[in-house]
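The values are calculated or read from the model by the stated rules, or taken from the named source; none is laboratory data. Just so we're clear, the structure is a prediction, and the values are computed from it rather than from any experiment. Virtual Cβ from ideal backbone geometry, glycine too; neighbours counted across all protein chains shown.
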4 protein chains.
Amino acid sequence: MEVKEKMSVLELIEQMGGSGVLGAGRMYQATKLLAEVLEDEDTAVFMSVAGPMVPGGLRKVIRDMINNGMIDVLITSGANITHDLLEAFGGRHYKGTKEDDETLCQQGIGRIGDIYTKSEDFEVFEHEITEILTKITEKDKYFSIREFLTKIGNSITDENSILRTASKRNIPIYAPGLIDSMLGLQLWMFKQDNKLHLDASGDMSELSDIVFGSKKVATVILGGGLPKHYALASNLLKGGVDAAIQITMDRGETGSLSGAPLEEAKSWSKAKAGSNLVTVIGDATIIFPLMLAGALEMNKK
Amino acid sequence: MEVKEKMSVLELIEQMGGSGVLGAGRMYQATKLLAEVLEDEDTAVFMSVAGPMVPGGLRKVIRDMINNGMIDVLITSGANITHDLLEAFGGRHYKGTKEDDETLCQQGIGRIGDIYTKSEDFEVFEHEITEILTKITEKDKYFSIREFLTKIGNSITDENSILRTASKRNIPIYAPGLIDSMLGLQLWMFKQDNKLHLDASGDMSELSDIVFGSKKVATVILGGGLPKHYALASNLLKGGVDAAIQITMDRGETGSLSGAPLEEAKSWSKAKAGSNLVTVIGDATIIFPLMLAGALEMNKK
Amino acid sequence: MEVKEKMSVLELIEQMGGSGVLGAGRMYQATKLLAEVLEDEDTAVFMSVAGPMVPGGLRKVIRDMINNGMIDVLITSGANITHDLLEAFGGRHYKGTKEDDETLCQQGIGRIGDIYTKSEDFEVFEHEITEILTKITEKDKYFSIREFLTKIGNSITDENSILRTASKRNIPIYAPGLIDSMLGLQLWMFKQDNKLHLDASGDMSELSDIVFGSKKVATVILGGGLPKHYALASNLLKGGVDAAIQITMDRGETGSLSGAPLEEAKSWSKAKAGSNLVTVIGDATIIFPLMLAGALEMNKK
Amino acid sequence: MEVKEKMSVLELIEQMGGSGVLGAGRMYQATKLLAEVLEDEDTAVFMSVAGPMVPGGLRKVIRDMINNGMIDVLITSGANITHDLLEAFGGRHYKGTKEDDETLCQQGIGRIGDIYTKSEDFEVFEHEITEILTKITEKDKYFSIREFLTKIGNSITDENSILRTASKRNIPIYAPGLIDSMLGLQLWMFKQDNKLHLDASGDMSELSDIVFGSKKVATVILGGGLPKHYALASNLLKGGVDAAIQITMDRGETGSLSGAPLEEAKSWSKAKAGSNLVTVIGDATIIFPLMLAGALEMNKK
């Protein structure tokens, strides 16, 4: 590798590719694969996002990818959706200053690593989401999770919102574990006095149709958890994905899916024999922007 | 520490406590805390189980804990429930032999780390669960996830089953991400021709009642994921848990909840100020049996 | 697995062996292999110890293994030797209380994870080691590192000391990175006014003789670093070790030897084709005492 | 964060700085700190390099840093020095193809992660280094490790070599664990028939003089091990370093120095109170080139 005074992101990643080994080699391979699947019109991109990626700064990155037609299906956690809405309602995520957690609690600050959130922002969130729930349930009371998220997206105005942009661009968002979040909590409270019903397995037919309607599927997996499993498992009935990129810090020895090598998915027909699978071990808030910037530059050339 | 020729598990753990530092010190602290919460009649034990703990050998351990009244609430993944049923229907988990995943797929073997599962066992699973779903939905079509799992537990006969034992002993099992599993897949297929509805947020009132009905709550957290979050978040409205033990291999720097230090829960009122929180970094299939054996011996003394 | 109220360590580990998979399965395999190599008179046991194992509570465990003839060669870091001497001179290791590091520095406390050391103990260490260096160098000025450590071991009286016990029992201690430690610092200071010379590569002939003089060699590797490499590399010329156990928390993806799978050693002839190699991922202060207690009980039966 | 089609490395890292949290935030902080210490003429940069950074592609990066006056002291492992020489003598590092290790051994291939080395390259290495040792020891037989490495650097011609470039530019290379490497093995073999003596603690006075002769010291730490400890400990007598950057995948809970937070160094006076310390968790073959490219661009502006 050679590092010079002013390099474009792609020039740097190509240097990593020249070495070709260890993390650097995988970084290049993954970037190349990402460029290919973004460019290929026959490949639907399923992006799964676990971990605090919205509080961690990737909100606009994901929003722009949706807006620019790079993501065909987004699968994420209730938490990322909550935090997207928190910002849509005017809240923010703050850089922490290392106070202890009991003190933070007294100050109304919830901590995610070195990120601080404010209870006053969550109060606005509660107020706004309740209004939206009221409006949404005026006609229908019964939704799949995807339908529910689309309706919320249509009810907000923040153009930087992932939900809003996805609704506008007709990109489905799935969140099989939605309930287990602050949004889930508000939903339950709303249900105490109102009718609203989310069908836990209501999205599968639609998701399956997308899988079978796509010539090829590639998954781009940030973190593990339910989003990773859902992204891969939804492709099982069609014999698995054609390509997959995974960025994770979890490790494989415990057998947990979050840290499992992508190859394991082949045994389950969640990835096809011969599919192109690349894992980069690292912090997704560093690795994914780097990979995406490299892939975009590759495709521009 | 001193290690002798024949030691009871507790004698060994007390040696670790004598050293008191690093992993060994935390192992002792966690064992002591587990013994206390198991012994204390005022403390409800919420156990969350993520990762392949049933395929990984902890099925009978968890089943026995339920049967002996040590667990008041079990929160787990769709996968662990699927694999409990797989064994209830006569299937097994096998020690792998390092074939490559494309070969395994051709042989009908799905791999989880070094664990092999057989597609013929899943075929039996499909057949049996469909019969149960048919029977369950004869009268009702509409369930919360917990109700649904209780009904399945009442429909099977394997006394070693976690679901069966929980149903018999009236211990609720929650699985907020149930849908994202092989059981979820069967459920969806069944729904193509039948009516069956699972309310994604149908369990929260009941779970909240348990939280408020308990003088104290302790969470015992194996792995992270939705189960960890659900176990902690369900205690938010009451100001948080009184004690928590966490066994994980995930790390904290990415901000992901799975690897987050338990202290972070204090900032969110998911753990009380002054609550006793102990994390042991390690493989739960080693650490939890060790901890439990030590705690049981401690309480016997 | 089944966990009962009072189990011996071996009973628990045999339960792990019954499951046979993930960490639990490897724990059983490693325990069985340790029992075998300890029992086999034809196998020399090379034990490598990196990381703060002496401050972390394993001092007496290692000392007893040497005293009971279980270790034929010990390879460790300058730090573990320094901390063995610190205790031999009356110092101690203390359980930390989470003060911040700038405050600790002002209080004369050096921190290792949650272990505290006191500067007054290091002052005693300096005084005592200087006296020993003076005495040792009265006749000879020129030593290999092993000879130097044997002489120190013969100069102290604490029967719980690893160095003292090794000297008494004629067990060699190698420490290729000795210089990089507080003992190394004292040595350098001593050399300002005195003659003393340590030959960096002075031990290789002797170590090589031990390798070739042993029918079989097994390495027991706690942590990685120089001790792991030295233990394996010293067997290179004879075609590699016959068996190896490794306990580590490091991971393999970076290519670093500390986290490398033992299988990699086969490519270098540092482990023989067909050699029995078992890795347990975990904290050595928990895993090693557990494994050793299980192995001793196995051999007693 | 925002990711665009063509960004310079610095533009991307500034986007990470805008988010400011988790890995991305630390990446920006570390890049800024690296830019500062490279620019500041009063700060001596001590760079420690552990893990297979030369086989992993960073050889030219480190060589160029030395050549451009960015490194004042290099501290590394015997392995990195061996592999620098292997390339200087015409050998190479190859991208692996996943054969099993017993097969590789038969083919004369030594594996480091996914990097292959060839025994024929090591044979050339043996031949060449023996010639150099013969030449070097014609006059002197007695060296410190640094002197020995300088002499080797002066004996080779490859302008891309780290050793050659360091010798030419009068940059000292320290390698406290030199002996524990293939170079160490050759050295020992050479000593069977020749006189050559390396003083294990022969470098400390010189290194200490550099520390005291520098207004400020910053350490740039790739990986842990002896190089990390040596870099920090050499600053102990002067009250510690003024700044430190660490890139590692090791974790802190085991107490091992390799994964220890830099803050711990403050308690030992290896880092000054108030010193600027930034850790990035990640694979150094990705993170360091990224950081360096960003820092160079920052300083150019």
Every residue from region B:213-235 that is aliphatic (A, V, I, L, M) and farther than 21 Å from A:A50 by Cβ
B:V217, B:A218, B:V220
Residues that are closer than 26 Å to C:S8 by Cα, in contact with a Lys or Arg (Cβ under 6 Å, 6 or more places away or on another chain) and β-branched (V, I, T), at least 1 per element: which strands (runs of 3 or more DSSP E) completely within region C:194-301 meet that?
C:216-222, C:271-281
Every listed condition ((1) crowded, with 24+ Cβ neighbours inside 10 Å; (2) touching a residue at least 40 places away in the same chain (Cβ under 8 Å)) holds for B:D199 save (1)
Just one of A:D203, A:D242 is within 25 Å of B:F148 (Cα to Cα) and not aliphatic (A, V, I, L, M); which is it?
A:D203
Which one is surrounded by the most Cβ atoms within 10 Å (Cβ to Cβ), of the residues in region B:238-281 that are at the interface with another protein chain (Cβ under 7 Å from one of its Cβ atoms) and at positive phi?
B:G255
Restricting to region A:91-115, what's the tally of residues that are small (G, A, S), within 21 Å of the chain's Cα centre (by Cα) and within 11 Å of chain B (Cβ to nearest Cβ)?
1
In the list A:K216, A:K195, A:K228, which residue meets the criterion of being at pLDDT below 95 and more than 7 Å from chain B (Cβ to nearest Cβ)?
A:K195
Can you tell me which residue among D:T103, D:T97 is at pLDDT below 95, at negative phi and among the polar types (S, T, N, Q)?
D:T97
State whether the residues of region C:56-73 include one that is free of Cβ contacts under 8 Å to residues at least 60 places away in the same chain, within 30 Å of D:P261 (Cα to Cα) and either buried (at least 23 other Cβ atoms within 10 Å of the Cβ) or of a type in the set (D, E) (or both).
no
Filter result for the condition that a residue is under 26 Å from A:L185 (Cβ atoms), surrounded by fewer than 22 Cβ atoms within 10 Å (Cβ to Cβ) and aromatic (F, W, Y), over B:Y142, B:Y174:
B:Y142
Assuming C:A35 fulfils every condition listed in (1) of a type in the set (G, A, S); (2) touching a residue at least 60 places away in the same chain (Cβ under 8 Å); (3) under 30 Å from D:G274 (Cα atoms); (4) not in a loop (DSSP other than H, G, I, E, B) apart from one, which condition is it?
(3)
Report the residue count in region B:159-189 for those that are farther than 13 Å from B:D203 by Cβ and part of a loop (DSSP other than H, G, I, E, B).
9
Select from region C:60-85 the residues that are more than 14 Å from chain D (Cβ to nearest Cβ) and more than 17 Å from C:I115 (Cβ to Cβ) and list them in ascending order.
C:R63, C:D64, C:M65, C:I66, C:N67, C:N68, C:G69, C:M70, C:I71, C:D72, C:V73, C:L74
Pick out the one residue from D:I129, D:I162, D:I145 that is of a type in the set (V, I, T), out of contact with any strand residue (DSSP E or B) (no Cβ under 8 Å at 6 or more places or on another chain), more than 30 Å from C:G274 (Cα to Cα) and in contact (Cβ under 8 Å) with a residue 24 or more places away in the chain.
D:I129
Answer yes if at least one residue in region D:23-35 is surrounded by fewer than 24 Cβ atoms within 10 Å (Cβ to Cβ), of a type in the set (K, R) and modelled with pLDDT under 95, and no otherwise.
no
Residues B:I171, B:I162, B:I156: which one is within 19 Å of B:A231 (Cβ to Cβ), in contact with a Lys or Arg (Cβ under 7 Å, 6 or more places away or on another chain) and of a type in the set (A, V, I, L, M, F, W, C)?
B:I162
The number of residues in region C:1-19 that are touching a Lys or Arg at 6+ places or on another chain (Cβ under 8 Å) and within 15 Å of B:M53 (Cβ to Cβ) is 2
Odd one out for C:A88, checked against (1) within 19 Å of C:L207 (Cβ to Cβ); (2) aliphatic (A, V, I, L, M); (3) away from chain D (no Cβ under 13 Å)
(1)
